[in-house]
Amino acid sequence: MSKLTDIAPRDFSLHPPRIAPDYRSSLSRGPIHKPIGFATTMTEATGPTFGHDVLGPNDHDLLINHAVDGGSAIGPRIMVHGVLSDGDGRPVPNALIEVWQANAGGRYRHKKDAYLAPLDPNFGGCGRVITGEDGSYSFRTVQPGAYPWPNGGNDWRPAHIHFSVFGMAFSQRLITQMYFEGDPHIALCPIAQSIPDAAAIDRLTARLDMEATVPMDIRAFRFDIVLRGRGATLFENQLEGT
Amino acid sequence: MAKLPESASQTSGPYVHIGCVPEFAGLERGYQSQLGTSLRADLMGDPITVRGRIIDGMGDPVLDGLVEIWQPDGAGTFHTNGRGFGRAPSHAETGEFVIETVMPGAVIDQNGTLQSPHLALWIVARGINVGLHTRAYFSDNVADDDPILSMIEPTRRTTLIAQKGSNGYQLDIHLQGENETVFFDV
Ligand SMILES: [Fe+2]
């Protein structure tokens, strides 16, 4: 038997509103009605977990995981690392993190991305890791480029990496983006600025980490992620296999 | 323990398929294991199919969306190791998503209350700033006194009920408009 715990309420003041008018796509895609809350049930208190065995040997290394013939992706080599924890400060171990991004020129490997920058034959742009017992994770990639996007004006996304994060409960599920310290596009970006809290935007901004930087090899950036915390023990359940 | 502020959500953007279903997005070198593709094989229960589209406020299908599914097996038991987790990407031309799974069993919650069989759904796409939680119930397998459905005004309740037809179940997700789907803060 495992103990299921309640999930702390979401703090909406730290998240973008459903409709953020400067981000045009949200005008027709953000629900008008407020979401309806109810006490956590078994359905939300449980969630998918994955074993380290789902990972291939290079899933965490975007420099080479789509490269052909022993090649490597073009662009500034970086390592992104950090700790996944919950709102109570507890590390979240064995949690799947998936990442995707544009290449160093700002182009995605996708048939609907027609940006002028070329594809890199050695770069796919996706990777995944599972956090260790201490909640830590790391992956290698190239620093993505800024790119223009259709939003009614001269809009450019800051360099960013998309993150998909699993917790212990389905209600903790999170998709977010990581930005880079010092990027002047962050202040100009309707998507980053859809977050109403300046400190919350800053917490999505990775810091150059010279201590973890490997001399003559690869620069490190530090990015910690926090999921919603847990409340009181909810009930003992008959979750199979725990 | 220290209270930490949760990380802010950001839209998945238009390329969530690259990150979560790279094989579907056409990346030649995918992963050795594709997560969320084996609901039916992983769970004991009667096979069912749920089809639908995510519809935006202009009435257009969303082509860059992803529906995630979390459910128990046919006996109402939740599992570990990814069993019970599914992913159904929107088709790039039609927007249709297809969930091939098994009929979930009723779930007994902490008060001993029975919840009618349902799939938990989580929806992301360009233009969605915080992933949307909702549920799919089944038109031929739902109790009048389901504790969650009972909380919702009757006119909106139907947005959560997949309708049984000759081709399996059908449930469109409406992001806005007259039939806006009920989303949950859970
Ligand atoms: Fe992006």
### Query
Looking at B:Glu100, is it modelled with pLDDT of 95 or more and within 13 Å of the chain's Cα centre (by Cα)?
yes
#### Entry: Scope segment A:136-152; condition more than 11 Å from the ligand (Cβ to nearest atom) and either under 19 Å from A:Pro21 (Cα atoms) or of a type in the set (Val, Ile, Thr) (or both); matching residues
A:Thr141, A:Val142, A:Pro148, A:Pro150, A:Asn151, A:Gly152
### Query
Take the residues of segment B:154-186 that are of a type in the set (Val, Ile, Thr), over 20 Å from B:Pro47 (Cβ atoms) and open to solvent by 10 Å² or more (accessible area, probe 1.4 Å): which is nearest to the other protein chains (Cβ to nearest Cβ)?
B:Val186
### Task
State which residue is surrounded by the most Cβ atoms within 10 Å (Cβ to Cβ) when the search covers only segment A:18-33 and only residues that are at the interface with another protein chain (Cβ under 7 Å from one of its Cβ atoms) and assigned to a loop (DSSP other than H, G, I, E, B).
A:Gly30
### Message
Please return the ranges of strands (runs of 3 or more DSSP E) entirely within segment A:50-135 where 1 or more residues are at the interface with chain B (Cβ under 7 Å from one of its Cβ atoms) and within 16 Å of the ligand (Cβ to nearest atom).
### Response
A:96-100, A:126-130
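Name the one entry in A:Ala199, A:Ala212, A:Ala192 that is hydrophobic (A, V, I, L, M, F, W, C), facing another protein chain (nearest Cβ under 9 Å) and away from the ligand (no atom under 16 Å from the Cβ).
A:Ala199
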### Summary
Of the residues in segment B:83-107, those that are at the interface with chain A (Cβ under 9 Å from one of its Cβ atoms) and either out of contact with any Asp or Glu (no Cβ under 8 Å at 6 or more places or on another chain) or open to solvent by 10 Å² or more (accessible area, probe 1.4 Å) (or both) come to B:Arg83, B:Ala92, B:Val107
### Task
Could you please give the count of residues in segment B:1-57 that are of a type in the set (Gly, Ala, Ser) and either surrounded by fewer than 23 Cβ atoms within 10 Å (Cβ to Cβ) or more than 7 Å from chain A (Cβ to nearest Cβ) (or both)?
10
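Quick one: count up the residues across segment A:34-49 that are facing chain B (nearest Cβ under 7 Å) and open to solvent by 80 Å² or more (accessible area, probe 1.4 Å).
Residues that pass the stated criteria total 0.
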### Hey, A:Ile130 touching a Leu at 6+ places or on another chain (Cβ under 6 Å) and either hydrophobic (A, V, I, L, M, F, W, C) or surrounded by fewer than 19 Cβ atoms within 10 Å (Cβ to Cβ) (or both) or not
yes
### Query
If you take the residues of segment B:108-119 that are open to solvent by 10 Å² or more (accessible area, probe 1.4 Å) and at the interface with another protein chain (Cβ under 7 Å from one of its Cβ atoms), which of them is modelled with the lowest pLDDT?
B:Gln110
### Message
I'd like to verify a number: residues in segment B:153-181 that are out of contact with any Ser or Thr (no Cβ under 6 Å at 6 or more places or on another chain) and assigned to a helix (DSSP H, G or I), how many?
### Response
6
### Of residues in segment A:145-168 being open to solvent by less than 10 Å² (accessible area, probe 1.4 Å) and not small (Gly, Ala, Ser), the one nearest to B:Val186 (Cα to Cα)
A:Phe166
### Task
Being away from the ligand (no atom under 13 Å from the Cβ), over 16 Å from B:Thr11 (Cβ atoms) and assigned to a loop (DSSP other than H, G, I, E, B) is the filter here, so list the residues in segment A:153-185 that pass it.
A:Gly153, A:Asn154, A:Phe166, A:Gly167, A:Met168, A:Ala169, A:Glu181, A:Gly182, A:Asp183, A:Pro184
## Note on the structure
Across (1) modelled with pLDDT of 95 or more; (2) part of a loop (DSSP other than H, G, I, E, B), A:Thr141 clears everything bar (2)
### Restricting segment A:175-208 to residues that are open to solvent by 80 Å² or more (accessible area, probe 1.4 Å) and in contact with a Ser or Thr (Cβ under 9 Å, 6 or more places away or on another chain), the residue that is farthest from B:Val130 (Cα to Cα)
A:Glu181
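The values are calculated or read from the model by the stated rules, or taken from the named source; none is laboratory data. Just so it is clear, the structure is predicted and the values come from calculations on it, not from any experiment. All Cβ positions, glycine included, derive from the backbone under ideal geometry; neighbour counts span all protein chains shown. When the accessible area is computed, the model is the full protein with side chains, heavy atoms only, and any ligands, DNA or RNA have been set aside. Shrake-Rupley method; radii C 1.70, N 1.55, O 1.52, S 1.80 Å.
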